1. Can you tell me which residue is nearest to A:His374 (Cα to Cα) among those in segment B:205-214 that are open to solvent by less than 10 Å² (accessible area, probe 1.4 Å) and not β-branched (Val, Ile, Thr)?
2. Please work out which one of (1) open to solvent by 10 Å² or more (accessible area, probe 1.4 Å); (2) more than 14 Å from chain A (Cβ to nearest Cβ); (3) outside any helix (DSSP H, G or I) is the condition B:Asn362 fails and give its number.
3. Answer yes or no: is there a residue in segment B:600-615 that is buried (at least 22 other Cβ atoms within 10 Å of the Cβ), of a type outside the set (D, E, K, R), at the interface with another protein chain (Cβ under 9 Å from one of its Cβ atoms) and in contact (Cβ under 8 Å) with a residue 12 or more places away in the chain.
4. With respect to A:Leu580, determine if the residue is open to solvent by less than 30 Å² (accessible area, probe 1.4 Å), away from chain B (no Cβ under 14 Å) and among the hydrophobic types (A, V, I, L, M, F, W, C).
5. Taking the condition surrounded by fewer than 19 Cβ atoms within 10 Å (Cβ to Cβ) and touching a Phe, Trp or Tyr at 6+ places or on another chain (Cβ under 9 Å), does B:Lys105 pass?
6. Suppose the filter is within 21 Å of B:Gly524 (Cα to Cα), at the interface with chain A (Cβ under 9 Å from one of its Cβ atoms), among the charged types (D, E, K, R) and open to solvent by 20 Å² or more (accessible area, probe 1.4 Å); does B:Asp280 pass it?
2 protein chains.
Amino acid sequence: MDTSYGPVVPTPEAVSALRPLPRDAVALSPASLLGGWQERNTAATLPHCTGQLAEQGNLANVRRVTGADGEFRGFWFADSDIYKTLEAAFWADQEVGEIPALLEKAQDPDGYLNSYYQVDHRDKQWAELDFSHEMYCAGHLIQAAVAAARSASGDAAVQVLSVARRFADLLVRRYAASNEVDGHPEIETALAELYRVTGHRPYLDLAARFVENRGHGVLGEGRFGPRYFQDHEPVRTAAEVTGHVVRQVYLLAGAVDVAVETGDTALLDAVERLWDSALDSRTYLTGGQGSRHRDEAYGDPYELPPDRAYAESCAAIGSFQWAWRLLLATGNAKYADEMERLLHNGIAGSTGIDGATFFYSNPLQLRTGHDGSHEDAPSQRLPWYSCACCPPNLARLMASLDNYTATGSERGLQLHLYTAGTFRAGGHAVEVETTYPWDETIAVTITEVGPGPWTLSLRIPAWCTDARLTVNGDPVPAGGGHVALNRTWLVGDRVELTLVMLPRLVAAHPRVDAVRGTAAVVRGPIVYCVEHADVPFDAEFEDLELDPSAPLHVSRDGNGLAPVLLRIPLRVRPTDTPHLYRTLPAPARATSPVAVTAIPYFLWANREPGPMRVFIPLSER
Amino acid sequence: MDTSYGPVVPTPEAVSALRPLPRDAVALSPASLLGGWQERNTAATLPHCTGQLAEQGNLANVRRVTGADGEFRGFWFADSDIYKTLEAAFWADQEVGEIPALLEKAQDPDGYLNSYYQVDHRDKQWAELDFSHEMYCAGHLIQAAVAAARSASGDAAVQVLSVARRFADLLVRRYAASNEVDGHPEIETALAELYRVTGHRPYLDLAARFVENRGHGVLGEGRFGPRYFQDHEPVRTAAEVTGHVVRQVYLLAGAVDVAVETGDTALLDAVERLWDSALDSRTYLTGGQGSRHRDEAYGDPYELPPDRAYAESCAAIGSFQWAWRLLLATGNAKYADEMERLLHNGIAGSTGIDGATFFYSNPLQLRTGHDGSHEDAPSQRLPWYSCACCPPNLARLMASLDNYTATGSERGLQLHLYTAGTFRAGGHAVEVETTYPWDETIAVTITEVGPGPWTLSLRIPAWCTDARLTVNGDPVPAGGGHVALNRTWLVGDRVELTLVMLPRLVAAHPRVDAVRGTAAVVRGPIVYCVEHADVPFDAEFEDLELDPSAPLHVSRDGNGLAPVLLRIPLRVRPTDTPHLYRTLPAPARATSPVAVTAIPYFLWANREPGPMRVFIPLSER
């Protein structure tokens, strides 16, 4: 077992510009934003998920396989929630209790394990791959086993890995020469990672086969057509991302794993092209993806409604994991930029400050009069969902968050996500002091040195147009991408990076119809929003406009939510006549000015439910 | 039987400001727009629907009840398509073939009739009212019987009416003291109409009971919560329309029928309030309603995305039928205005010029690169749908369209929808000559007179700010609503109404985020759109802007689609960088002017598939 690593560890032979650090090479400060999220995850989210597995029947479903009474509860892929929670527990070094033994007991002699198909639906086993999620569930079991192998020692880890391998071996026996695929990708990346843990090549070969099998119409029409499954065209030739977003990003994460392990640069190029198609026309300002509730899908290019943003939490997680793989493969800082945007906005916003309530979809606008009575589009985070994929997915990501902050090797260290903490690579160690993203300065002090010269690389985010860098007080040029500082370091050397964070107004491309004539307020990597609780006249929330000619102010007064808020200049339209349509030119109406506090988007909906906007209509000058 | 009337005939005792005309009192000119639609319906749409009933298995489903082999095909409410087609055939005075005899043969001795529940699902009969559509199907059977009673004579009509009455009598026996309701309204208006045909009071009482039963949570959570069924609050106290749009408008049409027949003015007031809530914040410029694909629902107030407009054809039909009932009850011209808008835009656009292809949802925008591969949001009209509610619904509406154009009594005639044709009421007859809505003038000539004074009423549409009226050449004031001309008429008297139709730019209320900074081009009652086929540079379709300072021109050159097109002043943005978000202020970009033909929205997608817009971004001045 290659213990002591986090998610995604390319083999030494893989195409990989950057290399992940061992788990013990990174320690986030609990006082940092990221470290705090990780602590909250361990203290609140993970126990909450574990409790829900018992309460919602997920574990009881598996016990039925071992002879217990009762009805199957929840969605047919409810086992996956167990596996994701298990993975989170391994990454967080928490107890996993009875689960490994239960899985071992429930597993069929041939390796099959799926509590939905093992009891009531034996006759349908492997017979409805389009929607069965059998290999999706298997994939999450394998991911849990990979986490076990890399993080834990002891019986539980061995038990989970052996259960997962038995299932993986079954898949190899059954599908190594098949043209079938599962309707929901996940198995691809799981098998590639299991190959990395075990060195057993058939796992990688099967992952590669599943990537290639997809795109030939093998899944049929389903309810939403072949594009929903990305089964309309192979990854290699597809021109754009499409269909169900989580399926798409999981598939492409797996395709990167296959590409780097097989040296298939054509496949890697294809995935990079698809990444561009997503980022150029199908991504929200928060990093969220998915514009349609009906089929949880990307929509057309530039179809990005803020109110009906689906932006599923799992899609943001999958996009983050996809970006991490592309960052490792290419070293291109744009992938780390996207990880930063996702983490601080789309992902962070999906969990409440209590760590135990969650959004499934993550809209960028909630209207006055919103009907939040149904879990499809609630006005506030809910403790759980009938389809509960997101909460345990957040738990497994947050549990391994430290592993995504930096990369390194004998030759150097690359800092991607800025956060206070300590980092080690190649015999060197650094301490990072910062209150980023609230403040502009990241101070890196060399605390240990190894032999010879060594490179410290710092990412300059694309959002920053004024980056200032010094080494021991001497200015150093800081361009875009990663700045590489190669020298023979001394203990006590101090690097200071200042990422000037003027609050700025951001507008979307003119083809994004849904937010035409509006702007969002952004500072550093943080997208802000205006929320009802900070607007002292609730009924007129819908009549607010932003004055683009007036300055934005940083406020450190705080309201208990965040250390840095913004005061933004709004104008209030007079509440208008009820006529829904009017002939132009419409008479000009006087507006009145008001300054309102904007809060980080990721903190919205932590007070009483009410309207919110990221994109604010611009008042005409 | 009260033969020779169309849909909706309030009893003499009903609250009814206006009275429908007998079927033979109206004859539309086949050369008129409305008369042409009616002819196309008989020649193309109705035979197409009849053919599909055979091809898609609807009739075979019923034959299974009588012993035929085969599997049930289509949705569980597929019987309703038969009934709607049957209703259309009766209104159009067409042969109905074997269907009445088949229904009689399939009906259970107790009156039950539903091919889904009679064969494979006997045990679930009446057991799953939330989604069973059993009374929805029964309602459409009854509507067909009402059409039979009012339009046809002969065995077929008698047969269908007796089948429907047996089913209605079963419903009375079963539900007269129940608190249950069907998940999909339709039975309410059907029973009220059956009462009107038969005078059998228990039908009306049951309709009233179903209206009152709803709104008390009797249908449970379902998949989308109680609001989806309008089961969260009774009609009497609901503050706003919500949930599944077709369910809502069918329910409210039925509530009007009950209110006018029982003299329940409080209920009528409630329905009028709900109407205002729909029109003030939840209706598209085309009259369409329904902003969400996922649950086919209204959305929040002012949530009106043009691209994801659901605006189901059946919702437009239901809204039209609802408006007609409110027009009869109140005489308020605003309801006729809405009928006009719906008919010429939302409804007309749902059928192709071939009369045999249809839209289910009716978007107001289709983007370059739209994925039209699935029937949820196709790029062009389809011959049929897996849920085929819309095509036969269009057939039954169009078959009875003449009955919606005017009302009258002994005392006068009220013209609501302008179209060439002849109209008779109270011993008087008029001939209307017009090419409306292409031209501005409606000429009404008195061709027969009865005894004494008589009132000719003409609707002045709210869209018209310059209406000119003459009687025998003498000007007469023409205010809003209906203008009533009361006099002793002579044969040959000529009334001319000119509704000046300058093309105009129309913008939405500033709270409608989705079309901020855009305008639509409208002339008279017709909403126009820009379609790819008229823009000679397809790739840049998404970069078009409308110059609001330049004039709009009427064009009668034609392109084979319509007699009146518009030439509108556009500007083309330079195709932009791919960056999806940019910091403001963005640099100004030079645009280039181009004049483009706009076509009536209802004629879109009759050429090769491609992008279309109703709301065009306004260029900044």
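1. First, pick out the residues of segment B:205-214 that are open to solvent by less than 10 Å² (accessible area, probe 1.4 Å): B:206-207, B:210-211, B:214.
From the residues that got through so far, the ones that are not β-branched (Val, Ile, Thr) too are B:206-207, B:210, B:214.
Values: B:Leu206: 31, B:Ala207: 29, B:Phe210: 25, B:Arg214: 19 Å.
Looking at the filtered set, the residue picked out is B:Arg214.
2. (1)
3. Step one: list which residues in segment B:600-615 are buried (at least 22 other Cβ atoms within 10 Å of the Cβ), which gives B:600-602, B:604-605, B:612-615.
Adding the requirement that they be of a type outside the set (D, E, K, R) leaves B:600-602, B:604-605, B:612, B:614-615.
Adding the requirement that they be at the interface with another protein chain (Cβ under 9 Å from one of its Cβ atoms) leaves B:615.
Restricting the remaining residues to those that are in contact (Cβ under 8 Å) with a residue 12 or more places away in the chain gives B:615.
Checking segment B:600-615: at least one residue is buried (at least 22 other Cβ atoms within 10 Å of the Cβ), of a type outside the set (D, E, K, R), at the interface with another protein chain (Cβ under 9 Å from one of its Cβ atoms) and in contact (Cβ under 8 Å) with a residue 12 or more places away in the chain.
4. Working: open to solvent by less than 30 Å² (accessible area, probe 1.4 Å): yes; away from chain B (no Cβ under 14 Å): no; among the hydrophobic types (A, V, I, L, M, F, W, C): yes.
No: the conditions fail for A:Leu580.
5. Details: surrounded by fewer than 19 Cβ atoms within 10 Å (Cβ to Cβ): yes; touching a Phe, Trp or Tyr at 6+ places or on another chain (Cβ under 9 Å): no.
So B:Lys105 fails the test.
6. Working: within 21 Å of B:Gly524 (Cα to Cα): yes; at the interface with chain A (Cβ under 9 Å from one of its Cβ atoms): yes; among the charged types (D, E, K, R): yes; open to solvent by 20 Å² or more (accessible area, probe 1.4 Å): yes.
When the stated conditions are applied, B:Asp280 passes them.
Yes/no matrix, rows are residues, columns are (1) open to solvent by less than 10 Å² (accessible area, probe 1.4 Å); (2) within 32 Å of the chain's Cα centre (by Cα); (3) without any contact (Cβ under 8 Å) to a residue 12 or more places away in the chain:
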{"residue": "A:Trp454", "(1), (2), (3)": "yes, yes, no"}
{"residue": "A:Pro461", "(1), (2), (3)": "yes, yes, no"}
{"residue": "A:Cys464", "(1), (2), (3)": "no, yes, no"}
{"residue": "A:Thr488", "(1), (2), (3)": "no, no, no"}
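Yes or no, residue by residue, for (1) over 25 Å from A:Trp604 (Cα atoms); (2) of a type outside the set (Phe, Trp, Tyr); (3) away from chain B (no Cβ under 14 Å):
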| position | (1), (2), (3) |
| --- | --- |
| A:Arg459 | yes, yes, yes |
| A:Pro510 | yes, yes, no |
| A:Arg516 | no, yes, no |
| A:Pro525 | no, yes, no |
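The values are calculated or read from the model by the stated rules, or taken from the named source; none is laboratory data. Since this is a predicted model, take the numbers as computed values, not measurements. Neighbour counts are summed over all protein chains in view; Cβ atoms, including those assigned to glycine, are modelled from backbone coordinates with ideal geometry. Heavy atoms of the whole protein, side chains included, go into the accessibility calculation; ligands, DNA and RNA do not. Shrake-Rupley method; radii C 1.70, N 1.55, O 1.52, S 1.80 Å.
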